[in-house]
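All remarks here apply to the structure that follows.
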Amino acid sequence: MDLLKHKVHTAYKGVAESLMSTRTTSAFIDKGVVSPEEFVIAGDFLVAQCPTWSWQGGEPKNARSFLPLDKQFLVTRNVPCLMRAAAMEEYAGGEKMLDGDDDGWVEAGGSGGVRGGGVTGDDDIADIDDVPDIGGLHVDDSAVAATAAAAAAEAAVATAAAGADAEDDGDIPDMDDFVDLAAEAEEDEASALPAQHGAGAGASGNDDHILKTRTYDLSITYDKYYQTPRVWLNGYDERRQALDPKRALEDISAEHAQKTVTIDPHPHTSVPSASIHPCKHGPVMKKLIDMMAKPGTQPSVEHYLFVFLKFIASVVPTIEYDYTLAI
């Protein structure tokens, strides 16, 4: 039933977009929505501050006339996703809140102490009174003498070696001969290597120390109907094979996975993608903009996508894309 409702709504939305006019006035403060012009302004600022993001044109046949041909949508690629959202939510639920004077803080290390060893309590920390007084330290004169003798011996060996090198200067080969000898040595080593069977043979062993994770290509498009940005996810598994869009639900918080995420063709590439539906984006963005507004100042539309991506981070908490505003 939900799938049927989604298809009907998608068809209705397509017809409505073809009939409705494009927003030309600013309303991001009053309604949390933006015009296409403001979307481009915010996108330009995001690209300038976070070079991992870039503008794309997409397929010309899918270009939106109200956006520049080379700025149809934003994309960031190969974004790591180290764990599934359920694992993070399970870990977050295990935190122990502290009471009393430490109210508002959580216990360091959780209930299991510090992973990998380390300090587990105040009793393990050495008291400052236990540190010995440097004035009471005794230096053994015999040890100093032994150190001096060893240093003198090393200096004598170095002097002798330098003299031997000076006497043998006439035996140093010409640089051209040295290069030729090195080239011959490399050829000999190459001929001695065992033959590699198949493309990439022997390379897998060098990658054993590399952490393989899921990755995502994230893109942001402008939704004319809702007049807000819309996020699209295309995932890849640990072997860089395209991920079924439905499996992207594993990397979306449980609160949103079955409510606001749909599988639709990307509007500019036509590739099936998981998408965070924008039906609630406007009201949420208005609330966030109101929260960040300071008395006597007005938020700039340039920062709109940074606020938007901070909001989206709560929906995809384990996909570590960049939305850090450089100061």
Other residues with Cβ under 10 Å from the Cβ of E17 give, with Lys and Arg +1 and Asp and Glu -1, a net charge of +2
Order by accessible surface, 1.4 Å probe, largest leading, for residues D217, D2 comes to D2, D217
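Using heavy-atom solvent-accessible surface (probe 1.4 Å) with all chains present, what is the largest-first order of D244, D237, D322?
From most accessible down to least: D244, D322, D237.
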For C279 the rounded accessible area (nearest 10 Å², probe 1.4 Å, non-protein molecules ignored) is 60 Å²
Per-residue accessible area, 1.4 Å probe, largest first, puts L243, L249 in the order L249, L243
If each K or R counts +1 and each D or E counts -1, the residues other than S270 whose Cβ falls under 15 Å of its Cβ total -1
Once amide hydrogens are built 1.01 Å from N within the peptide plane, the residues lying 5 or more places from V261 or on another chain with amide H under 5 Å from its amide H are H277
Using a 1.4 Å probe on heavy atoms of the protein chains only, the accessible area for I29 in Å², nearest 10, reads 50 Å²
For E250 the rounded accessible area (nearest 10 Å², probe 1.4 Å, non-protein molecules ignored) is 80 Å²
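The values are calculated or read from the model by the stated rules, or taken from the named source; none is laboratory data. These numbers were taken from a predicted model, which means no experiment stands behind them. With ideal geometry, Cβ positions are generated from the backbone for all residues, glycine too; neighbour counts draw on all protein chains shown. Only protein heavy atoms, including side chains, enter the accessible area calculation; ligands, DNA and RNA are left aside. Shrake-Rupley method; radii C 1.70, N 1.55, O 1.52, S 1.80 Å.
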